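I have placed the structure first, in the form of structure tokens, so that the comments after it can refer back to it.
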Amino acid sequence: MSSLEKLRKIKKNIEANNVKLIAVSKTHPANDILPLLEAGHRVFGENRVQEAKEKWVELREKYSDIQLHLIGSLQTNKVKDALKLFDVIQSIDRISLVDEIVRHKKMLCSQFFIQVNIGNEAQKGGVALDELENLINYTKDKLPIIGLMCVPPADKNPEQYFSLLQELAKKYNVHNLSMGMSNDYDIAIKYGATHIRVGTAIFGERTNN
Ligand SMILES: *Cc1c(COP(=O)(O)O)cnc(C)c1O
């Protein structure tokens, strides 16, 4: 099946739900992305600023109405580029990053998610659960935070983590939940996902990264 056929199948699976499908194109070259753009898909995710710049500056010239999401961690020294390149940044995880974003006025980016380290894993991005409240309170008057994002531990049943993120969003009154990937987006939708991030199930296995 082509990536376009896979995308269409997933869209059909989720059409009863009001969910945004983010096609995660990291590691895949522009040529692999083009068939999806030509067929009208507009929402994509990348995890690295430099890689996104190499592919999407040019693609955006032709397809100006795309919505590009940054789903990977953002280093402070890449903020300027990221704000010009992405429409949505899903990886807000610390006060110093919020401060750096606020310092830059020229942004395309107008929507932000706070990423939560939902399984408290040392190697994972996202704000620690016990610092979430503080980060939300610090950020809410400075940036338009529209939701929470998480990547559950790889080797565990994701259900309890999706459920916890849903509870946290209710508690803090944020309205979008970015959760669910190729293997578990259907479960995430049961727990109220509004954005799913799907790479492998559309583009196939990644050879690196
Ligand atoms: C790569 C990535 C995805 C997509 O994962 P698949 O399993 O390929 O669907 C989703 N979210 C984040 C944060 C990622 O880095």
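Take residues that are crowded, with 19+ Cβ neighbours inside 10 Å and away from the ligand (no atom under 16 Å from the Cβ) and tell me which of the helices (runs of 4 or more DSSP H) falling wholly in segment 106-209 contain 1 or more.
Once the helices (runs of 4 or more DSSP H) in segment 106-209 are filtered for at least 1 residues that are crowded, with 19+ Cβ neighbours inside 10 Å and away from the ligand (no atom under 16 Å from the Cβ), what remains is 132-139, 159-172.
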Tell me whether segment 18-31 contains one or more residues that are assigned to a helix (DSSP H, G or I), more than 15 Å from the ligand (Cβ to nearest atom) and either under 19 Å from Thr200 (Cα atoms) or out of contact with any Phe, Trp or Tyr (no Cβ under 7 Å at 6 or more places or on another chain) (or both). yes
Close pairs from segment 50-73: first farther than 15 Å from Ile22 by Cβ and within 16 Å of the ligand (Cβ to nearest atom), partner basic (Lys, Arg) and in a loop (DSSP other than H, G, I, E, B), Cβ under 6 Å, at least 6 apart: none
Evaluation of Met107 against (1) touching a residue at least 40 places away in the same chain (Cβ under 8 Å); (2) closer than 30 Å to Glu131 by Cβ (one fails), failing number: (1)
When segment 3-29 is checked residue by residue, the ones that are of a type in the set (A, V, I, L, M, F, W, C) and surrounded by 12 or more Cβ atoms within 10 Å (Cβ to Cβ) are Leu4, Leu7, Ile10, Ile14, Val19, Leu21, Ile22, Ala23, Val24
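Coordinate-derived values only; no laboratory data. Source: prediction; values computed, not measured. Reconstructed Cβ throughout: ideal geometry from the backbone, glycine too, with neighbour counts over all protein chains shown.
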